[in-house]
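The values are calculated or read from the model by the stated rules, or taken from the named source; none is laboratory data. Computed from a predicted model, the values in this text were never measured in an experiment. Using ideal geometry, Cβ is built from the backbone for each residue, glycine included, and neighbour counts are taken over all protein chains shown. Heads up: the accessible areas ignore ligands, DNA and RNA and are worked out on the full protein's heavy atoms, side chains in. Shrake-Rupley method; radii C 1.70, N 1.55, O 1.52, S 1.80 Å.
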Amino acid sequence: MIRKMLVLVGAVLFEALAQAAQTPTTANYSFWFQTQDDGNKMIPQCASWKFTTLDNPGAVTSPSPPYYLQVAPENGLVITQEITNSIGGSGNWTANYPVGTNMILAMIDADGNTGGSVGNYSIVTGSTGCTTALKATSLSFTTNPASNPCDAMNLTITAGTAPFV
């Protein structure tokens, strides 16, 4: 009897989890965004890629302009660029990363509320006329004094590539 009840409870729980996974929730996103081609995850190097902000009527938090694109390349520096000042507005970003760079694209508003994020974008062969974004490098530093946490400290950077964000 207990075994049958556990199987029944397990089946009900599985069904609830499966339904929850299929039911989209919008309250966590202050707004939405779309790219010029949401179905295309391959962005040509140096291409100008269009982003548009969209209203999310189910949002718990109202978005606050301006709206920013965040590009998070694998093993690279995250960049943040203002895209637009209004919901329904658009702006462009230049894909200034080397061919083969994989990245996540996200949007946030002025208060840090999310418009969502999408991964698995890749930079593919395009033109080479743009400045290539910086890649992260190793950073080494020393402190002086090394072991007295209450004194003023000097920091000396001996490796890495500026800017140090």
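Using 0.36 nm per residue, how much length does the chain from SER62 to SER117 gain when fully extended, once their Cα-Cα distance is taken away?
18.0 nm
Determine the per residue accessible area of the range 81-128 with all protein chains present and a 1.4 angstrom probe, expressed in square angstrom.
44
Hey, can you grab everything whose amide H is under 5 Å from the amide H of THR84? Only 5+ residues off in sequence or another chain; H modelled, so Pro and N-termini drop out.
Close amide H contacts, sequence-distant or interchain: TYR67.
What accessible area per residue comes out for the range 30-80, rounded to a whole number of Å², with a 1.4 Å probe?
Details: 2540 Å² over 51 residues.
For the range 30-80, the solvent-accessible area averages 50 Å² per residue.
Whose amide H sits under 5 Å from the amide H of THR94, counting only residues 5 or more places off or on another chain, with H placed in the peptide plane?
TRP49
What are the residues whose amide H is under 5 Å from the amide H of MET107, where those residues sit 5 or more places off or on another chain and H is modelled from the backbone?
It is GLN70, GLY115, GLY116, by chain and number.
May I ask you to give the percent of accessible area on the range 54-123 that is carbon plus sulfur, with a probe radius of 1.4 Å?
Carbon with sulfur: 46 percent of the solvent-accessible area.
Applying the Karplus parametrisation 6.51 cos²θ - 1.76 cosθ + 1.60 with θ = phi - 60° to the phi angles of the range 67-77, what ³J(HN,Hα) value in whole Hz is obtained for each residue in order, glycine and proline being reported as x?
Ordered by residue, 3J(HN,Hα) equals 10, 10, 8, 10, 10, 10, x, 4, 6, x, 8 Hz.
Put a dot 7 Å past each Cα toward the Cβ at GLN36 and THR125; how far apart are the dots in nm?
So the label points at THR125 and GLN36 sit 2.0 nm apart.
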